[in-house]
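> Have a look at the structure that comes next, please.
The values are calculated or read from the model by the stated rules, or taken from the named source; none is laboratory data. Remember, predicted model here, so these are calculated numbers, not experimental data. FYI the Cβ positions are ideal-geometry reconstructions off the backbone, even for glycines, and counts take in every protein chain you see. Surface accessibility is based on the protein's heavy atoms, side chains included, excluding ligands, DNA and RNA. Shrake-Rupley method; radii C 1.70, N 1.55, O 1.52, S 1.80 Å.
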Amino acid sequence: MPWLQIGIASTPENAPVISGLLTEAGAVAVFFDDAGNESKYQPATEATDFWSRTRVTGMFEDPTDTSTVIDFIGKQLGHSPEYRIETLEDQDW
């Protein structure tokens, strides 16, 4: 089964908010990665240290109405987010 990934550009301050919105919109998993070119290593503590340009990506089952997800997040944030949608094809691992 293929998956849809919706990646949303974020500031470090908004990353947890966007993560929650993606989850609320039905994402089965959410992860964070570098949207720029900045090396960052997770500290040994429980704290999360985000990149200055963080991408928050939600994985959704296909089919998902991605425009509804983006509209929902935009309304909650008060602006249209910068985003990228990708299909992750099913593979034998």
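> Express the carbon and sulfur contribution to the solvent-accessible surface of the chain as a percent, rounded to the nearest whole number, probe 1.4 angstrom.
Of the solvent-accessible surface of the chain, carbon and sulfur hold 49 percent.
> For the range 1-40, report the accessible area per residue in Å² (1.4 Å probe, heavy atoms, rounded to an integer).
Ligands and nucleic acids excluded, the figure is 50 Å² per residue.
> What list of ³J(HN,Hα) values in whole Hz, one per residue of the range 60-70 in order, does the Karplus curve 6.51 cos²θ - 1.76 cosθ + 1.60 (θ = phi - 60°) give from phi, with Gly and Pro shown as x?
Per-residue couplings from phi come out as 10, 5, 9, x, 9, 7, 5, 5, 5, 5, 5 Hz.
> For the chain, what relative contact order do you get, as a whole percent, if you take Cα pairs closer than 8 Å and at least 6 residues apart?
47 percent
> Check Ala35: other-chain or 5+ apart residues with amide H under 5 Å from its amide H, H built from backbone geometry?
Arg53, Thr54, Arg55
> Name all residues of the range 75-93 having a backbone nitrogen under 19 Å from the label point set 7 Å from the Cα of Arg53 along its Cα→Cβ direction, giving them as ranges.
Output list for this probe position: 80-86.
> Kindly provide the helix-only [θ] at 222 nm of the chain, computed as the sum of -39,500 (n - 2.57) over DSSP H runs of four or more divided by all residues, to the nearest 500 deg cm²/dmol?
Mean residue ellipticity at 222 nm (helix-derived): -7000 deg cm²/dmol.
> Just to check, using Stokes-Einstein with a Kirkwood Rh over alpha carbon pairs, what's the diffusion coefficient of the chain at 25 °C and 0.890 mPa s in µm²/s?
Answer, rounded: 178 µm²/s.
> I've got another one for you. Based on the inverse mean of 1/r over its pairs of different Cα atoms, what is the Kirkwood hydrodynamic radius of the range 52-93, in Å?
After inverting the pairwise mean of 1/r, the radius is 12.2 Å.
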